[in-house]
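One structure below.
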Amino acid sequence: MTVAPAHKATFASFHARLPVSDLDRSTKLGRQSSQILPLKGIYEVTQTRELVDWIIAMGLISDSIEEILTGVSERLTRLGYPLVRASIAMPSIDPLQKGSSVSWSRSSSISLEIQEHGEAGDAMFRRSPISYLLSRDIEVGRWRLPPDGDATGFPLLSELTDLGATDYLVKLARFPGGTALAGIGFSLAVDSPEGFSDSQIAALDEFLPALALACYRIAAMRVATDMLAVYTGARTSGRILSGQTRRGNGEAIHAAILLADIKSFTALNERFPPERIVGWLNEHFDAIGGPVEQFGGEILKFMGDSLLAIFPTDIEEPANACERALSAAKMAIEANATINRARLVSEKPELLVDIVLHIGDVFYGNVGAARRLDFTAIGRAVNEAARMEKLCDTVERNLLASELFASHVQNGFERLGFFTLKGVSQPAAVYGLSRDPDC
């Protein structure tokens with residue numbers, strides 16, 4: 001294996017290993033006029049320049065690293081690289097994955113491998129050449145295949161050997177900024193008997209910066225869109241990215257409202273450590289949030305042990321949104337009960353949930369301080385839903401609805417009575433799911 005230290009991390013370092021005669025010849029060529037540069041050299045420089053131009057152009061218009069890697073691999077093949085495999089590996093900023101690797105191969109085209117969070121994903125990464133380079137602060141590595149010595153511990157090199165590869169190169173390109181999106185690892189494997197030529201190694205230094213920039217642009221946009229959606233919801237993130245970022249920006253919308261509250265959460269904090277409670281809370285939020293998204297709702301926020309979601313609708317046709325919100329609530333309660341049944345078997349505490357359904361006008365937009373905003377829904381209907389939730393224990397029901405909401409749903413509800421809601425001038429009619437199977 002050949003490596004270069006980080007402070008000399010260019011493929012020019014490989015030229016230090018050329019015989020003196022070759023170095024002299026290379027120096028003399030550099031002093032000569034470009035008019036007498038060998039035609040082959042002119043062709044290679046031109047083709048590399050065209051590859052750089054193509055990468056830059058694609059980096060501006062493409063949102064697919066897979067598309068760019070395919071194009072680079074095909075162009076390198078036409079330039080005479082006997083490629084078996086090419087790969088771009090990058091860390092991720094994502095709650096479900098720690099990193100990913102996109103690979104092109106001559107036999108099977110494009111594939112994607114995900115490194116998940118946790119020990120299994122970390123163990124897989126530790127057995128990779130990229131991990132080897134990072135752990136030694138090295139940016140360039142080369143392995144002749146089949147591997148020997150310590151390199152036999154890398155499953156990838158054995159796989160490449162089985163594909164007929166004879167030489168493997170990997171180079172890291174680092175990004176500044178101190179984020180988890182720290183850089184890319186670009187690797188090539190070839191199957192010619194002599195491996196990579198010196199000119200092929202040198203060309204990589206010419207086009208890799210452009211490739212790294214293109215990948216960074218795509219990855220940064222994915223982080224902006226995907227992570228914003230994770231934290232704010234898909235509909236809300238779309239509004240933010242479209243430019244609705246000023247405090248007060250927003251609109252009045254008509255929506256069905258689902259407010260879910262996990263009961264006895266405060267008491268649990270006195271009995272169990274926070275890390276266990278957070279794990280249980282996440283399980284139950286999954287049980288509630290999954291049905292909300294399945295039926296077209298959007299979770300606006302998690303408030304401690306509560307969840308607020310909306311199902312936007314036209315004011316003239318609210319029935320569909322109400323039916324979807326009710327379906328989501330029923331499924332969420334059943335999913336929550338399933339978790340509790342399993343928890344009781346293992347002698348863990350139950351976490352019961354109360355859900356309130358309402359419909360009305362809400363302001364959907366930016367609220368907060370000048371430099372710390374929250375894109376959320378506020379308004380009378382949201383306040384009334386929060387007040388109704390306090391009645392669940394009083395009426396011994398875990399699903400309540402307002403009169404207006406119940407009027408838009410065919411059957412299924414019964415009136416439980418009129419109740420005074422804090423901050424609401426008139427008593428409100430509150431409904432629960434009917435216990436009559438014929439309703």
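The values are calculated or read from the model by the stated rules, or taken from the named source; none is laboratory data. Computed from a predicted structure; not experimentally measured. These accessible areas exclude ligands, DNA and RNA; they are computed on the full protein's heavy atoms, side chains included. Shrake-Rupley method; radii C 1.70, N 1.55, O 1.52, S 1.80 Å.
Remarks
- Degrees between helix 65-78 axis and first principal axis of the chain (Cα, 0 to 90, nearest 10): 20
- Across the chain, C-alpha contacts under 8 Å between residues 6 or more apart give a mean separation that, scaled by the residue count, equals a relative contact order of 12 percent.
- In order through region 187-193: 3J(HN,Hα) via Karplus (6.51 cos²θ - 1.76 cosθ + 1.60), integer Hz, x for Gly, Pro: 9, 9, 10, 10, 10, 6, x
- Just the protein heavy atoms count here, and of the accessible area of region 180-288 at 1.4 Å, carbon and sulfur take up 54 percent.
- Apolar share of the accessible surface for region 341-439: 48 percent from carbon plus sulfur atoms, 1.4 Å probe.
- The Stokes-Einstein estimate for region 58-113, based on a Kirkwood radius over Cα pairs and taken at 37 °C with 0.692 mPa s viscosity, is a diffusion coefficient of 270 µm²/s.
- Accessible area (Å², per residue) of region 285-399, counting only protein heavy atoms and a probe of 1.4 Å: 47
- 10 Å binning of all Cα-Cα separations within region 122-260, expressed as whole percents from 0 upward: 9, 28, 26, 15, 12, 8, 3
- Cα Rg, Dmax (largest Cα-Cα span) when computed across region 76-177, Å: 14.2, 41
- Reach of Lys98 by Cα under 16 Å, taken over aspartates and glutamates that are not fewer than 8 positions away in the same chain: Glu113, Glu116, Glu119, Asp122, Asp226
- Cut-off under 5 Å, modelled amide H: who pairs with Gln115 long-range: Lys98, Gly99, Ser100, Ser101
- Computed P(r) (all Cα pairs; region 127-168; 5 Å bins; percent): 6, 26, 33, 24, 9, 3
- Binned Cα-Cα distance frequencies in the chain - 10 Å width, integer %: 4, 16, 21, 16, 14, 13, 9, 5, 1, 0
- Within the straight-line cut-off of under 12 Å between alpha carbons, the aspartates and glutamates reachable from Lys330 are Asp354, sequence neighbours fewer than 8 places apart in one chain being disregarded.
- Working note: Karplus 6.51/-1.76/1.60 with θ = phi - 60° gives region 277-288 the couplings 5, 4, x, 5, 4, 4, 4, 6, 5, 4, 5, 8 Hz, where Gly and Pro are set to x.
- Ratio of Rg to Rh over region 349-420 (Cα coordinates, Kirkwood Rh, two decimals): 1.07
- Under 14 Å from Lys422, Cα to Cα: aspartates and glutamates that are on another chain or at least 8 residues apart: Glu384, Glu389
- In this structure the amide hydrogen of Asn249, modeled in the peptide plane, comes within under 5 Å of the amide hydrogens of Asn366, none closer than 5 places in sequence on its chain.
- Amide H contacts of Leu145: Asp167, Tyr168, each under 5 Å away and 5 or more positions distant or on a separate chain (H built 1.01 Å from N in the peptide plane; Pro and chain starts excluded).
- Here the Karplus curve 6.51 cos²θ - 1.76 cosθ + 1.60, taken at θ = phi - 60°, turns the phi angles of region 401-418 into couplings of 9, 6, 4, 5, 5, 4, 5, 9, 10, 6, 6, x, 10, 9, 6, 9, x, 9 Hz, with x standing for Gly and Pro.
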